[in-house]
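The values are calculated or read from the model by the stated rules, or taken from the named source; none is laboratory data. Computed from a prediction, not measured in an experiment: that's the story for all the values here. Cβ coordinates were reconstructed from backbone atoms using ideal geometry, including for glycine residues, and neighbour counts include every protein chain displayed.
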Amino acid sequence: MTRKRATAPRRGSLPGLRARLAEAEATLDAIRSGEVDALVVAGPGGDLTVAIEGATEPYQVLLNAMTDGAVLLAPDGTILFGNRRFGVIAGAPLHGLIGSRFQRLLVGEGRATFDPLLAGSSGDVSDGEFVIARGGAAPIAVWISLSTLSLGTDPADGVVVRMAIISDLTERKQGEQARLELMKRLITIEDEERRRIAREVHDETVPTLTAIQVGLRVIEQRTGEPEISAAAHRLRKIVAETVDNVGRLARGLHPSVLDDLGLLAAARRHVTDYSKAYDITVDLRSEGIGTLRLPSLVQTTVYRILQEGLTNVARHAKARTVDIELKLHDGMLALLIRDDGIGFDPVTTRGEESGLGLHGMGERATLLGGSLEIDSTPGVGTTVRARVPVRELTVTEET
């Protein structure tokens, strides 16, 4: 790139006007030949870099004060021009960057990924997230948008360069990380509260109901009045059913078996209760978990997704059978829930009650760096696939 700084000759003199005209004609010739792609103009606010408007496509003004980095690249990635912000992002002086290849700034697989974007066809805009090395400083994540520019008066003969707009993602990443940490904390607090309520229900309510049940049995057996005995018998059955319901409620809030024996045992217990409550056949298979004890947040997250998935089946699917798979492979815990119900349209379901449940399932998986996929077709059934990374594993003994 060639820069030309205009210095105005003394106004009012014929030689001065001729000099200005000659300089203007020389500048235009340089632009037409592709020797100049931008001008630096001095003004009261400092230097301003102005991009040239070609005959085929006007392109945007580049300001040294812009908040994003901007560079012009040759087809092979050679840096032709960079604004001040680009130098700040790259952590290097601009004069040391001009003439070098942009790819050398990228970390890891970013170099191989960047080359196809750089070779995009004319008029295409391509972008992606990359990591830029910064000398002795820590690398930073950036978002790079590439667009093609043609310089010169003839589209066929014009010089083709690529403009890259580079946005620093540091603040955005920090914000996302803070949000994720907050959401993890909220979920942890929610689970702790569920655990506390479940323990109180189990330790206080169930014993009280059991004592009432025993008292009614005594009345039933010792009374000499048939009517009183029959009434005590009916009440005892109602209390027994209430004890079962309260137990299921406590396990639904937070099963103690999840803490004591782990995810697989809790899932089996929940499936058994679920099948009895809704008269739905459920087949649960596991692979790779064995005696491994999963991190608390991981197993709680997958258990909640299993709960919500089965609840949606009971409420909406009208299914007769459900297949569940729990697999641990290559550090990823995978959960699959497949039903033979009526299915639904995932697009139109967004925002509805069931859609909110699906959204919550997805957020739980995403918070741990996992994913949730839902495949459903009306009349065919629904398949939910959740994947959560497992970073810490400890072995527990069989009980």
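Would you point out which residue out of Ile212, Ile187 is among the β-branched types (Val, Ile, Thr) and in contact (Cβ under 8 Å) with a residue 60 or more places away in the chain? Checking each option against the conditions leaves just Ile187. Within the range 305-323, does at least one residue satisfy the condition of being over 25 Å from Phe344 (Cα atoms) and either out of contact with any helix residue (DSSP H, G or I) (no Cβ under 6 Å at 6 or more places or on another chain) or in the same structural domain as Glu192 (by TED's automatic domain parsing) (or both)? Checking the range 305-323: not a single residue is over 25 Å from Phe344 (Cα atoms) and either out of contact with any helix residue (DSSP H, G or I) (no Cβ under 6 Å at 6 or more places or on another chain) or in the same structural domain as Glu192 (by TED's automatic domain parsing) (or both). In the range 273-331, the qualifying residues are those that are in a strand (DSSP E or B) and acidic (Asp, Glu), and the one that is farthest from Ala250 (Cα to Cα) is Glu287.
Is it the case, given these coordinates, that Glu220 is surrounded by fewer than 16 Cβ atoms within 10 Å (Cβ to Cβ) and either among the charged types (D, E, K, R) or out of contact with any Ser or Thr (no Cβ under 8 Å at 6 or more places or on another chain) (or both)? Explain how you work it out, then say what you get.
On the way: surrounded by fewer than 16 Cβ atoms within 10 Å (Cβ to Cβ): no; either among the charged types (D, E, K, R) or out of contact with any Ser or Thr (no Cβ under 8 Å at 6 or more places or on another chain) (or both): yes.
No; evaluated as a whole, the condition is false for this residue.
For the criterion of being outside the structural domain of Leu367 (by TED's automatic domain parsing), crowded, with 20+ Cβ neighbours inside 10 Å and either hydroxyl-bearing (Ser, Thr, Tyr) or modelled with pLDDT of 85 or more (or both), Ile79 passes. Among the residues examined, Asp283 qualifies as of a type in the set (Asp, Glu) and within 21 Å of Arg320 (Cα to Cα).
Any idea which residue in the range 315-331 is farthest from Ile342 (Cα to Cα), counting only those that are at pLDDT below 90 and surrounded by 19 or more Cβ atoms within 10 Å (Cβ to Cβ)? Among those that are at pLDDT below 90 and surrounded by 19 or more Cβ atoms within 10 Å (Cβ to Cβ), it is His316. For the range 82-123, a residue qualifies if it is of a type in the set (A, V, I, L, M, F, W, C) and loosely packed, with under 13 Cβ neighbours inside 10 Å, and exactly one does: Ala112.
Is it the case, given these coordinates, that Glu200 is free of Cβ contacts under 8 Å to residues at least 60 places away in the same chain, within 18 Å of Val298 (Cα to Cα), acidic (Asp, Glu) and not assigned by TED's automatic domain parsing to the domain that holds Met361? No, not satisfied. Among the residues of the range 76-85, those identified as closer than 15 Å to Phe114 by Cβ and not in a loop (DSSP other than H, G, I, E, B) are Thr78, Ile79. Number of residues in the range 88-107 that are more than 14 Å from Ala133 (Cβ to Cβ) and either in a helix (DSSP H, G or I) or modelled with pLDDT under 85 (or both) equals 3. Beta carbons closer than 8 Å, at least 6 apart along the sequence or on distinct chains, pair a first residue in the range 267-285 that is in the same structural domain as Lys327 (by TED's automatic domain parsing) with a second that is surrounded by 16 or more Cβ atoms within 10 Å (Cβ to Cβ) and part of a loop (DSSP other than H, G, I, E, B) for Arg269/Pro255; His270/Pro255; Tyr274/Ile280; Ile280/Ala319.
Every residue in the range 277-295 that is surrounded by 15 or more Cβ atoms within 10 Å (Cβ to Cβ) and closer than 21 Å to Leu261 by Cβ, please.
Val282, Leu284, Ser286, Ile289, Leu292, Arg293, Leu294, Pro295
Among the residues of the range 277-297, those identified as under 23 Å from Asp375 (Cα atoms) and under 28 Å from the mean Cα position of the chain (by Cα) are Ser286, Glu287.
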